[in-house]
Structures are given as structure tokens and as C-alpha cells.
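The values are calculated or read from the model by the stated rules, or taken from the named source; none is laboratory data. Computed from a predicted model, the values in this text were never measured in an experiment. Note that each Cβ is placed from the backbone with ideal geometry, even for glycine, and that neighbours are counted across all protein chains shown. To get the accessible areas, we keep the full protein, side chains included, count just its heavy atoms, and leave off ligands, DNA and RNA. Shrake-Rupley method; radii C 1.70, N 1.55, O 1.52, S 1.80 Å.
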Amino acid sequence: MITGKTQILGVIGEPVTHSLSPVMHNAALAELGADFVYVAFPIAAAQLETAVAGLAAIGVTGFNVTIPHKQAIMPLLAEISAEAQAVGAVNTVWRTERGWAGTNTDVAGFLAPLQALERDWGQAQAVVLGNGGAARAVVAGCAQLGLKVVSVVGRNPDKLKAFQRSWQGSLFPPPLVHAWEALPELLPQADLIVNTTPIGMHPQVGATPLEETVLAGAKAGAIAYDLIYTPSPTRFLTLAAQHGLTTIDGLEMLVQQGAAALEIWLQSPVPVDTMRQALKAHLGR
Ligand code: NAP
């Protein structure tokens, strides 16, 4: 029940009305009996500064940040975690005495299903497909896991070089970068293959970032991780499973980045399984 004391959480973005975050956060808040509500705020890029000041003025407890504001919000924050600075994007903001503070929980979200596998990553190699925003959280996550080699594969040589340069002097080492054509040589060495491109996402469900002939060369026992969560499985993960690879889809990353954010706002443990089940029910899974 919304009362006079109900506190506000939310997500800012544009577009944001399709966001799944209200579903999972409100399910968790209801389970906890916490007097909070989580809502989506559509905010145009030109209104970001005004909106962030307004969220402070009306006493919002904290909020998530999604496209197109993940980088643009950074100059508006009083504090940014070292991890978010290295990733170059903020997805979670909370109130401090000095103003808003921000971090990036996508890294923890990406890592959670890999850490659950309890593997020794020290000698492992990763191939990351794509060099966009999500790839940044993945590269930071791979570095945190302690992977020996992280190779980022992209289609645009200039963007790839800029991506590599952007890690210099940061908390995490720059990854190797390769053209898409290098995949047949990279895959047989890879213990972890991560798709961070939107190839195969609904409605392009027949598309795959890796053709079957290339996937056939993947290392036995490797993990195929697709950040996409609709459809489930994607064609990439279907093909990977057919070749005996362990598969992980993007739902758990979504759940775990949300759980990490809610823990920051509530400063207490949160019901992760309730969040997972709420999302699954919403997605019809
Ligand atoms: P983004 O910043 O637009 O990056 C997309 C990357 O994919 C870019 O490097 C782009 O290459 C590359 N790409 C796109 N189409 C391609 C194609 N046909 N061939 C080769 N490369 C292609 O997007 P993002 O924010 O990183 O999101 C990427 C995906 O991750 C989306 O499907 C999103 O839903 C998913 N995601 C999931 C979670 C989760 O919690 N599970 C979190 C974040 C993102 P160029 O740079 O050359 O354009």
C-alpha cells in the first residue's frame, strides 16, 4: 500500500517504459514489506540535469540509470565508485550527504552466474563479442575474475582501438582486440565466450553472432554466455548447447545487477529468488 511515508526508487532512461526493473524491484519490496515504490521515469537527454536535481529535491532514495544516460549522468554525481569510473558508466545512484553517489552493478550482475560455477579462472581465456556499453562491464568482470587473456572482437576497427585505449590507466588492464575474422583462431583457446552484441535478440531470433561452423571449433568444456534474455535460449546458446558447451543467458545478470542495486538502497539483504521469479513470470518463462 502506498502511504504518506512511502519512499521512492526508480529508473531513468529514454525509452524506459519497457523496463523490467519495476517488476522485479516491486516484487522484492512487497516480499520485504518495505514501504518503497519503484517507478520508471522517462527523461529526455536534454532534461537530465534538471531531472536529477528534481529527484534530489523530492527526496528520491535512489535510482537506476539506463540508456542514454549511463555516461551523461557521471558529471552530475558527487561520488563515483572506482569500478564505475573504469567501466565508464553508472547504472545505480544513491543519496549521500554530499549529493548523489553512483556505481555500476552490471559488473557484479555479469559475474554472479560465473562465480556460482566455482571454476579456477587463473589460466582461462575469454572471447567477448562486441565492444559497446555492455562489453565494458564484461571486460571489467573478466578482469575481476582474474582471467589470463581477454579478447574483444568487433566489426569496426576504429571503435575497437578506441575501446582498447579507454582502459589505459584504469583499474583494469586493457583487453586484446581482434577483427571478427580472427574468431576461428580465437575460439579453440576460449574457456568463456560472451555475446554482448544484440545479434539474436527478439525479434531477430534466427540470427546468431557465431555460425555453427565457427562454434564447432570451440574448446570442449567452454562456457557460452549470452547477455540477451529474450528469447531464451537464443540461437547462439542453442547451437552452443548442441556442441556440448555450458550455457548462461542474460536473465541472471539482469536479476543480479538489480539485487545489487536494491541492497545498496535498502542497506540489507534482498530476496533475489523473488526478483528472479517475478521476471520469469513476466517474461512467460
Ligand atoms: P551497444 O552499446 O549498442 O553495443 C552493441 C555492440 O554490438 C557494439 O559493439 C556493436 O558494434 C555490436 N554489434 C551490433 N550489431 C552487430 C552486428 N550485426 N555485427 C557485429 N557487431 C554488432 O549495446 P549494449 O548496451 O552493449 O547492449 C548489447 C546487448 O546486451 C543487448 O542485447 C542488451 O539487451 C544486452 N544487455 C543485457 C544486459 C543484462 O542484464 N542481461 C545488460 C546490458 C546489456 P559497433 O560498435 O560496431 O556498432
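Quick notes on this one:
- DSSP-defined beta bridges in the chain - what % are antiparallel, rounded to 5: 20
- Relative contact order, percent, segment 108-249 [alpha-carbon distance under 8 Å, six or more residues apart]: 21
- Estimated FRET transfer efficiency (D158, M74; beta-carbon r; R0 35 Å; 0.05): 0.90
- Residue among V205, V194, V138 with the largest mean-square fluctuation in a Gaussian network model of the chain, springs linking Cα atoms under 10 Å: V205
- Based on Cα contacts under 8 Å between residues 6+ apart, the chain shows a relative contact order of 17 percent.
- Residue with peak Gaussian network fluctuation, the chain [Cα springs, cutoff 10 Å], from A30, A135, A46: A46
- In straight-distance terms, cross-link reach from K70 covers every one of the lysines whose alpha-carbon lies under 22 Å from its own, apart from those fewer than eight places away in the same chain; here that gives K159, K161.
- Nearest 10 degrees, 0 to 90: helix 106-115 Cα axis against the chain principal axis: 50
- Accessible surface of the chain, 1.4 Å probe, proportion on carbon and sulfur as whole %: 54
- For the pair A220 and L117, label points projected 7 Å from Cα toward Cβ lie 1.7 nm apart.
- Accessible area of E83 in the full protein assembly, 1.4 Å probe (Å², nearest 10): 50
- Within-11-Å neighbourhood charge of V214 [Cβ basis; K, R +1; D, E -1]: -4
- Highest-MSF residue in the chain out of G146, G122, G133 [GNM, Cα springs under 10 Å]: G122
- Across I264, I12, the residue with the most accessible area heads the list, and the full order at a 1.4 Å probe is I264, I12.
- Size of electric dipole in the chain: Cβ of Lys, Arg +1 and of Asp, Glu -1, about Cα centre, debye, nearest 20: 260
- Remark: segment 58-183 is approximated by an ellipsoid whose semi-axes, taken from the C-alpha gyration tensor as √(5λ), come to 28, 17, 12 Å, largest first.
- Sites T6 and T246 - FRET efficiency at Förster radius 45 Å, r taken between beta-carbons, to 0.05: 0.60
- Take the Cα of K280, step 7 Å toward its Cβ, do the same at K148, and the gap between the two points is 3.6 nm.
- Loop GluC sites (Glu not before Pro), segment 191-284, which have at most 12 other Cβ atoms in a 10 Å radius of their Cβ (DSSP): E211
- Whole-percent pair-distance distribution, where bins are 10 Å wide, for the alpha carbons of the chain: 6, 28, 34, 22, 8, 1, 0
- Residue-normalised accessible area of the chain, expressed per residue, 1.4 Å probe, Å²: 46
- When its C-alpha radius of gyration is set against 2.2 N^0.38 Å (N residues), segment 108-249 gives a value of 0.96.
- Cα centroid separation - segment 120-197 against segment 53-110, whole Å: 25
- Ordering A116, V150, Q242 by Cα displacement along the dipole of segment 108-249 toward the positive end leaves V150 in first place; charges were set at the Cβ atoms of Lys, Arg (+1) and Asp, Glu (-1).
- Largest-first ordering by accessible area, 1.4 Å probe, given options R136, R98, R155: R155, R98, R136
- Three-way shape call for segment 98-157 based on the alpha-carbon gyration tensor, with the a/c threshold at 1.5: oblate
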